[in-house]
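Each reported figure results from applying straightforward, stated rules to the coordinates on display, with no laboratory input. The structure presented is a predicted model; accordingly, all values stated were derived computationally and were not measured. FYI the Cβ positions are ideal-geometry reconstructions off the backbone, even for glycines, and counts take in every protein chain you see.
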Amino acid sequence: MRVDGSVVGSIGSGLCLLVGVAPGDGYHDVDAAVDKISGLRVFNDDEGKMNLSLVDVDGQVLVVSQFTLLGDVKRGRRPSFTDAARPEHARPLIDRMIHSFRERDVVTAHGVFGATMDVELTNDGPVTLILEVNDGVVG
């Protein structure tokens, strides 16, 4: 991941997380997300089955704050981002996510909050998941 041409975050094998924060999100939502993501069995075992978690494979995480995930395109042709949390609410939650992965000994890199970032991704496999967390429950 680059900001103004300089690399600010990079990982090896693992997960790239595009994270959007809504105004009602709290620390309990971040904790639930980190717990779920750390244990998701999305990596192949020796038989090619998705049976291993991020922790099992010593995978790494790249956290990318992405308020545009909360864009609403129902009306008109210009997305509305009013469903995204204000930076003063979102930034501490993104910081908590980074810290929580590191507490689990997961190598974690991240971008620069609020910056325009160029993200390069090599997608090794057909898996892309959307997780939504509401009131501390991943659904």
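For the stretch 40-88, filtering for residues that are in contact with a Leu (Cβ under 8 Å, 6 or more places away or on another chain) and not in a strand (DSSP E or B) leaves 10. Residues that are within 15 Å of the chain's Cα centre (by Cα) and assigned to a helix (DSSP H, G or I) within the stretch 1-39 comprise 27, 29, 30, 31, 32, 33, 34, 35, 36, 37, 38, 39, listed in sequence order. For beta carbons closer than 7 Å, sequence separation of 6+ or different chains, a first residue in the stretch 63-89 that is free of Cβ contacts under 8 Å to residues at least 24 places away in the same chain and a second that is exposed (fewer than 10 other Cβ atoms within 10 Å of the Cβ), the qualifying pairs are 79/73. Residue-level check: of (1) under 16 Å from residue 30 (Cβ atoms); (2) without any contact (Cβ under 8 Å) to a residue 12 or more places away in the chain; (3) more than 13 Å from the chain's Cα centre (by Cα), residue 51 misses just (1). When restricted to residues that are closer than 19 Å to residue 67 by Cβ, in a helix (DSSP H, G or I) and hydrophobic (A, V, I, L, M, F, W, C), the stretch 89-130 contains 5.
Against the condition farther than 16 Å from residue 34 by Cβ, of a type in the set (A, V, I, L, M, F, W, C) and in contact with a Ser or Thr (Cβ under 7 Å, 6 or more places away or on another chain), how does residue 113 come out, does it pass? Considered against the rule, which asks whether it is farther than 16 Å from residue 34 by Cβ, of a type in the set (A, V, I, L, M, F, W, C) and in contact with a Ser or Thr (Cβ under 7 Å, 6 or more places away or on another chain), residue 113 comes out as yes.
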